[in-house]
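Participant: There's a structure below that I have some questions on.
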Amino acid sequence: MILLLCPWQLYFWTLKNPLIIFASGTGTNAGAIIEHFKNNGKAKVALIVSNNANAGALDIARREDIPFLVISRQTFREMLLVEQLSDYKPSLVILAGFMWKIPEKIVHTFPGRIINIHPALLPDYGGKGMYGQHVHQAVIAAKEHESGITIHYVNEHYDKGDIILQARCPVNENDTPGELAGRIHKLEHFYYPRAIEFLLENMG
């Protein structure tokens, strides 16, 4: 079932550069994006979509009075969701820790306007099952000397869209996945909002 809160969403339809964020977890990237654009006014998060009713991203939505949707596997693939997303006329659809593969009908509805952030240097350590701690464990097990983030466009395949930006950080000899994740998160929170702003300023 799709749940929609904050029924005064009409306000957001008049905004310059409305953004839709998809998030499944704590929402730290969503929070960084919201704060960034609250400070400069160049965009506004108009909707947060989650497949997890207990996601921290929804707590952020409630705190910031941002409308949100909670979706199921079934509704994720229905045309109704595409229509609801289209109603917001998003400049960008942003994946911020969203765990499901985006259906082709959504990709085709927003061509070149869906972006994702991956916690590794693609094309390495990407693809199905490569998310969160799984990525960091794999990087450490391979004895890599560096890791980082990749911001990329979303297409019909996991982590295969064109790369927009990469940023790097060292992998220390005795790193745990949690320690590496901490450095990755700092890169994410700094670069993701700024990459979004750059794309908005350079959209045709």
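Participant: List the pairs whose first member sits in segment 115-143 and is charged (D, E, K, R), whose second member is part of a loop (DSSP other than H, G, I, E, B) and open to solvent by 50 Å² or more (accessible area, probe 1.4 Å), and whose Cβ atoms are under 6 Å apart, counting only residues at least 6 apart or on separate chains?
Facilitator: Lys128/Tyr158
Participant: Same structure again: Which strands (runs of 3 or more DSSP E) does segment 11-81 wholly contain that include 2 or more residues that are open to solvent by less than 40 Å² (accessible area, probe 1.4 Å) and touching a residue at least 60 places away in the same chain (Cβ under 8 Å)? Break it down stepwise before answering.
Facilitator: Numbers: elements: 18-22, 44-50, 68-70.
Where strands (runs of 3 or more DSSP E) fall fully within segment 11-81 and carry at least 2 residues being open to solvent by less than 40 Å² (accessible area, probe 1.4 Å) and touching a residue at least 60 places away in the same chain (Cβ under 8 Å), they are 18-22, 68-70.
Participant: Turning to a different aspect of this structure: Look at segment 173-204 and say how many of its residues are part of a helix (DSSP H, G or I) and either open to solvent by less than 70 Å² (accessible area, probe 1.4 Å) or within 23 Å of Lys105 (Cα to Cα) (or both).
Facilitator: Looking only at segment 173-204, we keep the residues that are part of a helix (DSSP H, G or I), and these are 177-201.
Filter once more, keeping what is either open to solvent by less than 70 Å² (accessible area, probe 1.4 Å) or within 23 Å of Lys105 (Cα to Cα) (or both): 177-178, 180-184, 187-189, 192-193, 195-197, 199-200.
Residues flagged as part of a helix (DSSP H, G or I) and either open to solvent by less than 70 Å² (accessible area, probe 1.4 Å) or within 23 Å of Lys105 (Cα to Cα) (or both) within segment 173-204 amount to 17.
The values are calculated or read from the model by the stated rules, or taken from the named source; none is laboratory data. It should be emphasised that the depicted structure is a prediction, and the values quoted were computed from it without experimental measurement. Using ideal geometry, Cβ is built from the backbone for each residue, glycine included, and neighbour counts are taken over all protein chains shown. For the accessible areas, the whole protein counts, side chains as well, though only heavy atoms, and no ligand, DNA or RNA atoms are used. Shrake-Rupley method; radii C 1.70, N 1.55, O 1.52, S 1.80 Å.
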